[in-house]
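Structure record follows, encoded as structure tokens.
The values are calculated or read from the model by the stated rules, or taken from the named source; none is laboratory data. Given the structure is predicted, the values throughout are model-derived calculations rather than measurements. Positions of Cβ are backbone-derived with ideal geometry, glycine not excepted, and every protein chain shown enters the neighbour counts.
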Amino acid sequence: PRRVVVLISGSGSNLQALLDAQEHDELGGDIIAVISNKADAYGLERAREAGVIAEVVDPARFRHFHDERDRDLYDAELIRIIDHHQPDLVVLAGFMRILSKAFVLRYHGRLLNIHPSLLPEYRGLHTHQRALEEGATLHGASVHFVTEELDGGPIVVQAAVPVEADDDESTLAERVLTREHLIYPMTVRWFLDGRLQLADKGPTLDGHPLPASGLR
Ligand code: GAR
């Protein structure tokens, strides 16, 4: 079976959606390991509960130079641990660290991320808050291949949700998350089934180009 490593930093609800899909033979492969940069990430418990190896790579171990060299050292260790598991796909599921060029290049075409906005809107952090502040009426989530450009890699799937008049950050985040839990397992399955590829001109599904951005 195809092998998946999932990187998390927190709650791991997207990880749970992927584990549930695997449990129902709907993922197209096996989650071999879950790696977190935070020791208290609840997602680690979700992994262990599902019988999946759960590992922590603590950035505090790599605070030597206090500059980008620390990131390179950390990412080198991450690569070492990931490669030990020989994954076909690396999935970022709420992994809240910026990855180095070396990392992104190493997993080019087999590194997916989910971001809580309709990219290219609201790259970076606090996406729900910013959507509310700007009075957006449509919001959502995007799955994309990861490239060097932060939250700027080729988009595979987007799911849109309405912003309701009485939304606050948490109600909006919750609505978006329900969609994340649908589109991420779906996308991972496409990839593991060999249907989704990152071609030179962008992502293809069954050999057909995917629109640059889904539902906008
Ligand atoms: C999700 O909303 C995910 O899209 C977002 O973090 C949340 C993680 O939730 N990711 C990012 O913001 C990446 N920059 P989860 O831990 O419950 O899956």
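Scanning segment 104-130 for residues that are part of a helix (DSSP H, G or I) and more than 15 Å from the ligand (Cβ to nearest atom) yields L105, R106.
With respect to the conditions (1) in contact (Cβ under 8 Å) with a residue 40 or more places away in the chain; (2) away from the ligand (no atom under 13 Å from the Cβ), A159 falls short on a single one, namely (2).
Could you please let me know if D88 is without any contact (Cβ under 8 Å) to a residue 40 or more places away in the chain, under 19 Å from M186 (Cβ atoms) and charged (D, E, K, R)?
no
Name every residue in segment 131-168 that is among the hydrophobic types (A, V, I, L, M, F, W, C), in a loop (DSSP other than H, G, I, E, B) and out of contact with any Ser or Thr (no Cβ under 6 Å at 6 or more places or on another chain), in order of residue number. A136, V146, L150, A165 - these are the residues of segment 131-168 that are among the hydrophobic types (A, V, I, L, M, F, W, C), in a loop (DSSP other than H, G, I, E, B) and out of contact with any Ser or Thr (no Cβ under 6 Å at 6 or more places or on another chain). In segment 35-44, is there at least one residue being farther than 30 Å from L205 by Cα, in a loop (DSSP other than H, G, I, E, B), under 17 Å from the mean Cα position of the chain (by Cα) and away from the ligand (no atom under 11 Å from the Cβ)? So far as segment 35-44 goes, yes, one or more of its residues are farther than 30 Å from L205 by Cα, in a loop (DSSP other than H, G, I, E, B), under 17 Å from the mean Cα position of the chain (by Cα) and away from the ligand (no atom under 11 Å from the Cβ). For beta carbons closer than 7 Å, sequence separation of 6+ or different chains, a first residue in segment 38-56 that is small (G, A, S) and a second that is within 15 Å of the ligand (Cβ to nearest atom) and in a loop (DSSP other than H, G, I, E, B), the qualifying pairs are A41/S9; A41/G10; A41/G12; G43/G10; G43/S11; G43/G12.
Quick one: in segment 1-34, which of the residues that are assigned to a strand (DSSP E or B) and more than 14 Å from the ligand (Cβ to nearest atom) is farthest from L196 (Cα to Cα)? In this case the residue turns out to be A33. Among the residues of segment 37-55, is any closer than 22 Å to T147 by Cα and at pLDDT 95 or above? Among the residues of segment 37-55, at least one is closer than 22 Å to T147 by Cα and at pLDDT 95 or above, which makes the answer yes. Considering segment 89-129, and only residues there that are surrounded by fewer than 16 Cβ atoms within 10 Å (Cβ to Cβ) and charged (D, E, K, R), the residue that is nearest to the chain's Cα centre (by Cα) turns out to be R123.
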